[in-house]
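First up is the structure itself, then whatever we jot down about it.
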Amino acid sequence: MFIHIQNVETYAPEALGPRDILLAGNRLAHLGPLSLGGLPNLETIDGRGLLAFPGFIDGHVHILGGGGEGGFASRTPELMLTDVIRGGVTTLVGCLGTDAITRSLVSLLAKARGLEEEGISTWIFSGSYGIPAVTLTEGIESDLLLIDKILGVGEVAISDHRSSQPTHDALCRLVAEARRGGMLSGKAGLVNFHLGDGPRGLGPLRRILEETEIPATQMLPTHINRNPTLLAEGAAYARTGGLIDLTTSAPPPQAGSKQIPASQALKMLLADGVPPDRITMTSDGQGSLPEYDSEGRFSGMGVGKVQSLFEAFRDAVRNEGIPLETALLPFTANPARILKLRGKGLLETGRDADLILVDRESLELHTVIAKGRILMSQGELKARGTFEGASTVTKRVSA
Ligand SMILES: [Zn+2]
């Protein structure tokens with residue numbers, strides 16, 4: 001299958017100007033002037049009025065569902081393929097959350113494999129909120145070495161009442177194991193840290209950097225935009241070499257949360273002198289979002305959406321005025337580099353055939369192509385998950 005996108009304004013994410021893009025199977029085969037005739041199985045897309053970007057990478061998604069902190073009925077549902085497509089996401093990393101008892105790494109791995117079969121690229125993190133980390137094999141190192149889909153550990157909770165209150169020594173050992181496993185397996189070995197509202201903030205990670213030889217690139221703290229204090233602390237942490245991640249799913253404004261929208265937070269960080277290559281964004285998709293009424297009473301449970309990732313990108317460009325090339329980094333080149341996903345994050349010959357096309361004016365999603373397959377065309381879904389849209393079986397057919 002060949003896909004020829006003609007004359008499209010291309011952001012790799014750096015601006016390349018109008019290009020022709022040829023996708024051959026699962027590879028980006030050519031970027032530049034091109035005239036084709038007689039190629040079998042060739043699909044042509046007129047790129048005029050569109051912009052081409054690398055497919056988005058979402059590095060923190062509760063693909064199995066998460067939550068559960070309000071009892072069993074508050075466990076959130078599993079991710080569906082169409083949620084991913086509508087977010088312009090072609091690659092994601094699945095993780096467990098607070099609950100590592102009724103959710104397991106075995107199920108997480110199976111779900112990731114299922115999504116991969118349905119058409120996107122997936123990896124997972126070992127571990128969950130608590131330490132010692134839950135693992136599939138005897139430890140973090142062997143998980144990284146033996147399971148292709150595992151590329152790090154997360155989300156490990158710190159500075160949160162729901163954390164396992166890990167000691168400094170336990171955190172050091174965890175990051176060291178992830179680092180060794182990453183080096184030996186040629187993977188990132190990244191530790192994704194969930195930051196709560198607690199006053200310790202990023203203190204535990206700063207102490208690791210001060211007292212050990214572990215480099216800052218081994219750790220990616222997330223939810224940095226959950227309140228203004230943590231965002232300011234995150235800016236200082238990133239200016240001195242740390243990596244930080246912003247969460248795009250957010251409770252509604254009336255829910256009493258102090259979270260700063262990720263697009264605004266990005267603008268503040270850049271204005272604060274944080275180098276743009278140290279910032280990523282993730283959706284926290286399928287995580288639970290408790291909602292409260294004006295009196296602060298629990299009123300219901302929302303679910304984080306992968307789609308919020310693309311909305312944050314649009315807001316960053318349209319509302320915050322961040323240039324396209326910069327606004328794309330936290331969704332494309334940065335996560336690909338930080339997670340060591342070699343085929344991802346850039347439009348470049350030889351990379352995977354993952355790209356999105358958006359309307360030049362509205363920045364609405366137009367086309368999503370993952371691994372050379374068109375999942376959305378002209379804003380319409382062209383693929384669905386196995387159980388999406390299927391008719392409900394009401395009668396058992398006997399053989
Ligand atoms: Zn979290």
Condition (residue is surrounded by 15 or more Cβ atoms within 10 Å (Cβ to Cβ), of a type in the set (A, V, I, L, M, F, W, C), on the phi > 0 side of the Ramachandran plot and at pLDDT 95 or above) applied to region 369-383: is it met by at least one residue?
no
Would you confirm whether or not region 299-322 contains a residue that is assigned by TED's automatic domain parsing to the domain that holds residue 87, without any contact (Cβ under 8 Å) to a residue 24 or more places away in the chain and closer than 21 Å to residue 69 by Cβ?
yes
Every residue from region 247-277 that is more than 16 Å from the ligand (Cβ to nearest atom) and of a type in the set (Ser, Thr, Tyr):
263
Consider residue 231 carefully, then state whether it is within 16 Å of the ligand (Cβ to nearest atom), in the same structural domain as residue 284 (by TED's automatic domain parsing) and in contact with a helix residue (DSSP H, G or I) (Cβ under 6 Å, 6 or more places away or on another chain).
yes
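Looking only at residues in region 195-211 that are of a type in the set (A, V, I, L, M, F, W, C) and outside any helix (DSSP H, G or I), which one is farthest from the ligand (Cβ to nearest atom)? Talk me through it step by step, then tell me what you get.
Taking region 195-211 as the starting set, the residues that turn out to be of a type in the set (A, V, I, L, M, F, W, C) are 195, 202, 205, 208-209.
Among the residues that remain, those that are also outside any helix (DSSP H, G or I) are: 195, 202.
Numbers: 195: 8, 202: 15 Å.
Once the filter is applied, the top-ranked residue is 202.
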It is to be established whether one or more residues within region 254-267 are within 20 Å of residue 338 (Cβ to Cβ), touching a helix residue (DSSP H, G or I) at 6+ places or on another chain (Cβ under 7 Å) and not in a helix (DSSP H, G or I).
no
Please find, within region 384-399, the residue that is modelled with the lowest pLDDT out of those that are within 24 Å of residue 122 (Cβ to Cβ) and not basic (Lys, Arg).
390
Yes or no: region 213-227 includes at least one residue that is among the acidic types (Asp, Glu) and assigned to a helix (DSSP H, G or I).
no
Testing residue 190 on (1) surrounded by fewer than 21 Cβ atoms within 10 Å (Cβ to Cβ); (2) within 16 Å of the ligand (Cβ to nearest atom); (3) touching a residue at least 40 places away in the same chain (Cβ under 8 Å), one condition comes back false. Which one is that?
(1)
Would you please name the residue that is farthest from residue 341 (Cα to Cα), looking only at residues in region 148-181 that are away from the ligand (no atom under 16 Å from the Cβ) and among the β-branched types (Val, Ile, Thr)?
167
Only residues that are more than 22 Å from residue 201 (Cβ to Cβ) and either aromatic (Phe, Trp, Tyr) or in contact with a Phe, Trp or Tyr (Cβ under 7 Å, 6 or more places away or on another chain) (or both): list them for region 126-149, please.
149
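Name the residue, out of 324, 328, 357, 339, that is buried (at least 23 other Cβ atoms within 10 Å of the Cβ), at pLDDT 95 or above, more than 16 Å from the chain's Cα centre (by Cα) and among the aliphatic types (A, V, I, L, M).
Numbers: 324 fails: buried (at least 23 other Cβ atoms within 10 Å of the Cβ); 328 fails: more than 16 Å from the chain's Cα centre (by Cα); 339 fails: more than 16 Å from the chain's Cα centre (by Cα).
From the options 324, 328, 357, 339, the qualifying one is 357.
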Scanning for something of a type outside the set (Phe, Trp, Tyr) and under 18 Å from the mean Cα position of the chain (by Cα), does region 158-177 turn up at least one residue?
no
Residue within region 281-304 that is of a type in the set (S, T, N, Q) and farther than 23 Å from residue 77 by Cα present:
yes
Residues that are at pLDDT 95 or above, more than 16 Å from the ligand (Cβ to nearest atom) and buried (at least 24 other Cβ atoms within 10 Å of the Cβ): find the strands (runs of 3 or more DSSP E) completely inside region 279-318 holding 1 or more of those.
279-282
Answer yes if at least one residue in region 3-16 is surrounded by fewer than 15 Cβ atoms within 10 Å (Cβ to Cβ) and in contact (Cβ under 8 Å) with a residue 40 or more places away in the chain, and no otherwise.
yes
Do we find that residue 73 is more than 16 Å from the ligand (Cβ to nearest atom) and among the small types (Gly, Ala, Ser) in this structure?
yes
If I ask for residues that are hydrophobic (A, V, I, L, M, F, W, C), touching a Pro at 6+ places or on another chain (Cβ under 9 Å) and within 19 Å of residue 223 (Cβ to Cβ), which ones from region 324-339 would you list?
331
Would you confirm whether or not region 121-140 contains a residue that is away from the ligand (no atom under 16 Å from the Cβ) and either among the charged types (D, E, K, R) or within 13 Å of residue 287 (Cα to Cα) (or both)?
yes
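The values are calculated or read from the model by the stated rules, or taken from the named source; none is laboratory data. The model shown is predicted, which means the values in this text are computed figures rather than measured ones. Ideal geometry is used to build each Cβ from the backbone, glycine not excepted, and the neighbour counts take in all protein chains shown.
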